[in-house]
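Report on the structure given below.
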Amino acid sequence: MNSITQPEHSDFDPIELTEWREAFVGLVARGGSERARQVLDAITAMARDPAIGWQPARGTPYVNTVVVDQQPVFPGDLAVEEKLVSIMRWNALAMVARANKAYGELGGHIASYASAADLFEVGFNHFFHARTDTVGGDLVFYQPHSAPGVYARAFLEGRLEEADLAHYRQEVGAGPSGTRGLCSYPHPWLMPDFWQFPTGSMGIGPISSIYQARFMRYLMHRGLLDTTERKVWGVFGDGEMDEPESMSALTLAAREGLDNLVWVVNCNLQRLDGPVRGNGRIIDELEALFTGAGWNVIKLVWGSDWDGLFARDKDGALVDAFSHTVDGQFQTFAAKDGRYNRDHFFGQNEALAKLAQGLSDEQIDRLKRGGHDLVKIYAAYDAAVRHSGKPTVILAQTKKGFGMGEAGQGKMTTHQQKKLDREALIDFRNRSNLPLSDDDAANLSFYKPEKNSPEMRYLHEHRQILGGYMPSRISVADPVAVPALSVYGGFALQADGKEMSTTMAFVRMMTNLLKDKQLGKRVVPIVADEARTFGMANLFKQVGIYSSAGQCYEPEDIGSILSYREAKDGQILEEGISEAGAISSWVAAATSYSVHGIRMLPFYIY
């Protein structure tokens, strides 16, 4: 712990307050952090008595959640992984810039993937498990603007050719030349053997990942599929969190205890036109929202180079400075060089200036944010997958356009940066330390190491350990026998002149399908809180409403023939008043054949 500092507000008895603080420091020293938490929990319960009316301050200091002495040993070859991520960044940049050089304003994005590349690579090298014949694998929702980087990795893996990369966003023109064009954003309709999920809609992607994670639990609790070891990963941008759908199902994930869900929010602090929260801090805001919703929050803010500064900072000057720096200023620091940061960040007061005395301007310029440090990222991911009982979000601070230097790093216009001049390309090459000549760099040549190089062997070996390459979409699933029409529609074939509402006819048809020995267990009725409206109340007892907790109460109508029944193996997905949630569940069930290899038949009744 840092040495005891006085609070900012005035106190009528500072000696008493100091004694309390010293007592707590002593408690930590003698009993450790676990005992300190136990004591604080007990005191907090007393302090929340309405007569006292105490409420804790929201948020935590602007530092990493996983402290240095809790970090696991990094299991990879750091030098090789850093070289690989530099190659990915270059090829992604070259792909987008070549397309725009040839076709003017064709579009595409460089800066988003440049900021997220390290986050993706740690996942690909150590955490993202592919689907195999014996393992279901993880599900990954990719930040849409980072698609070029995923293509760049598939190119090194040998799954895409150089000609494919040269036809980025040019699918129509690729066909006649016998080449495969690459769609701008992830979508299985456009690339049916590659992308698993469409994530171009920046709100529907995040909410879909939550309902996919819940559907995996639904399959397991109903005895249809073992999903115990599988995870759903979502890599999204901080700007995407402004979409209402992105945040609308956070409480569902916590309520269901979806510890099979990990979100990585790439907090590069910028959206399309400027800062996400110029006058605030988006990481603090998201921490409060996710914590309040019941998630486990891991802040990944600063890289390893900062560890020494924090260790020497006995008076908390760094944490204090961070607490008074808003994202708009952090963006400026990202765009400027080491000299500027020395003068304007470390130059704010004597304590900060003293911390920076042993650093050159170049060293200050290279101080990494947490989302660009592979060791710190691994530590955060490791903590996330080991956490149980709650979904986890990792709030990773990065620099938009990382590595682009003066051509784009941290600049207001970086999201729209699609072309770079010769000097900027050579500078990017130099920063990435790639073996390309000046002409190769200026001509946007793709780079692929030799087949037997350490980098290529490492890339393939790690994916083999994790089950194979991804993203990859498999659309093969065992067929399910469909009953004869007379079995589920006999009431209509022999109506005998009886009239029936469409809702009644539908419910009778679905009820008959649910009774079928082969197809019945695959039927997924989905309602947005209107089962009674559509005459489906009889299904409550028949097949039950899915609840991961079962039914922990005696329903008011327990004596009724149509009583409300929740069950862990319940079949109905009752989504409450959430049409976005209901359609997300429908998509999860409807795509189960390709995602899980098991065919399901969802009905969304609205």
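Before moving on, here are some points about what is shown:
- Among the residues listed as GLY123, GLY137, the single one being on the phi > 0 side of the Ramachandran plot, modelled with pLDDT of 95 or more and touching a Phe, Trp or Tyr at 6+ places or on another chain (Cβ under 9 Å): GLY137
- Checklist (1) among the polar types (S, T, N, Q); (2) farther than 30 Å from GLY308 by Cα; (3) surrounded by 12 or more Cβ atoms within 10 Å (Cβ to Cβ) applied to GLN55, failing item: (3)
- Sub-6 Å Cβ pairs linking a first residue in segment 104-130 that is farther than 21 Å from CYS267 by Cα and hydrophobic (A, V, I, L, M, F, W, C) to a second residue that is open to solvent by less than 10 Å² (accessible area, probe 1.4 Å) and at pLDDT below 95, at least 6 apart or interchain, are LEU106/ALA99; LEU106/ASN100, ordered by first then second residue.
- Contact map, segment 263-286: first residue modelled with pLDDT of 95 or more, second residue part of a strand (DSSP E or B) and of a type in the set (S, T, N, Q), Cβ cut-off under 6 Å, separation 6 or more or different chains; pairs are CYS267/GLN397.
- Tabulated pairs, segment 514-536, first over 13 Å from GLN571 (Cα atoms) and open to solvent by 20 Å² or more (accessible area, probe 1.4 Å), second of a type in the set (Gly, Ala, Ser) and assigned to a loop (DSSP other than H, G, I, E, B), C-beta under 6 angstrom, 6+ apart or interchain: GLN518/ALA481; ASP529/GLY576
- Figure legend. Inter-residue proximity from segment 139-154: first residues farther than 23 Å from PHE215 by Cα and open to solvent by 10 Å² or more (accessible area, probe 1.4 Å), second residues of a type in the set (Gly, Ala, Ser) and in a helix (DSSP H, G or I), beta-carbon distance below 6 Å, spacing 6+ or different chains. Indicated pairs: HIS145/SER112.
- Tally, over segment 215-239, of residues that are touching a strand residue (DSSP E or B) at 6+ places or on another chain (Cβ under 9 Å) and open to solvent by less than 10 Å² (accessible area, probe 1.4 Å): 10
- Residues within segment 567-606 that are more than 22 Å from ALA481 (Cβ to Cβ) and in a loop (DSSP other than H, G, I, E, B), tallied: 8
- Residue list for segment 297-322, filter: open to solvent by 30 Å² or more (accessible area, probe 1.4 Å) and either under 30 Å from ARG386 (Cα atoms) or assigned to a helix (DSSP H, G or I) (or both): SER304, ASP305, ASP307, GLY308, PHE310, ALA311, ARG312, VAL319, ASP320
- When we screen LEU252, LEU300, LEU318, LEU309 for residues that are touching a helix residue (DSSP H, G or I) at 6+ places or on another chain (Cβ under 8 Å), within 26 Å of SER146 (Cα to Cα) and not aromatic (Phe, Trp, Tyr), the only hit is LEU300.
- All helices (runs of 4 or more DSSP H) inside segment 323-400 with 3 or more residues being within 29 Å of THR291 (Cβ to Cβ) and open to solvent by less than 30 Å² (accessible area, probe 1.4 Å): 327-335, 374-386
- The condition (being closer than 30 Å to ASP478 by Cβ, of a type in the set (Ser, Thr, Tyr) and either open to solvent by less than 10 Å² (accessible area, probe 1.4 Å) or out of contact with any Leu (no Cβ under 9 Å at 6 or more places or on another chain) (or both)) is satisfied by just one residue among TYR593, TYR546: TYR593.
- Condition check for VAL96: in contact with an Asp or Glu (Cβ under 6 Å, 6 or more places away or on another chain), more than 30 Å from ASP478 (Cβ to Cβ) and assigned to a helix (DSSP H, G or I): no
- Scan of segment 242-278 for residues that are out of contact with any Leu (no Cβ under 9 Å at 6 or more places or on another chain) and farther than 22 Å from GLY371 by Cβ, ordered by number: PRO244, GLU245, SER248, ALA249, THR251, ALA254, ARG255, GLU256, GLY257, ASP259, ASN260
- Unmet requirement for ASN430, which otherwise passes all of (1) modelled with pLDDT under 95; (2) of a type outside the set (A, V, I, L, M); (3) open to solvent by less than 40 Å² (accessible area, probe 1.4 Å): (3)
- Residues in segment 446-474 that are over 24 Å from the mean Cα position of the chain (by Cα) and loosely packed, with under 12 Cβ neighbours inside 10 Å were compared, and the one that is nearest to LYS517 (Cα to Cα) is GLU461.
- Restricted to segment 69-93, and to residues there that are in a helix (DSSP H, G or I) and small (Gly, Ala, Ser), the residue that is least open to solvent (accessible area, probe 1.4 Å) is ALA92.
- Count of segment 559-590 residues, restricted to those that are open to solvent by 70 Å² or more (accessible area, probe 1.4 Å), more than 18 Å from GLY535 (Cα to Cα) and not small (Gly, Ala, Ser), is 5.
- Of all residues in segment 401-422, those satisfying the criterion of being at pLDDT below 75, part of a loop (DSSP other than H, G, I, E, B) and crowded, with 19+ Cβ neighbours inside 10 Å are GLY408, GLN409, GLY410, LYS411, GLN417, LYS418.
The values are calculated or read from the model by the stated rules, or taken from the named source; none is laboratory data. Treat the numbers as computed from the prediction; the structure is a model and nothing was measured. Cβ: placed from backbone, ideal geometry, glycine included. Neighbour counts: every protein chain shown. These area figures cover heavy atoms from the full protein model, side chains too; ligands, DNA and RNA do not enter into them. Shrake-Rupley method; radii C 1.70, N 1.55, O 1.52, S 1.80 Å.
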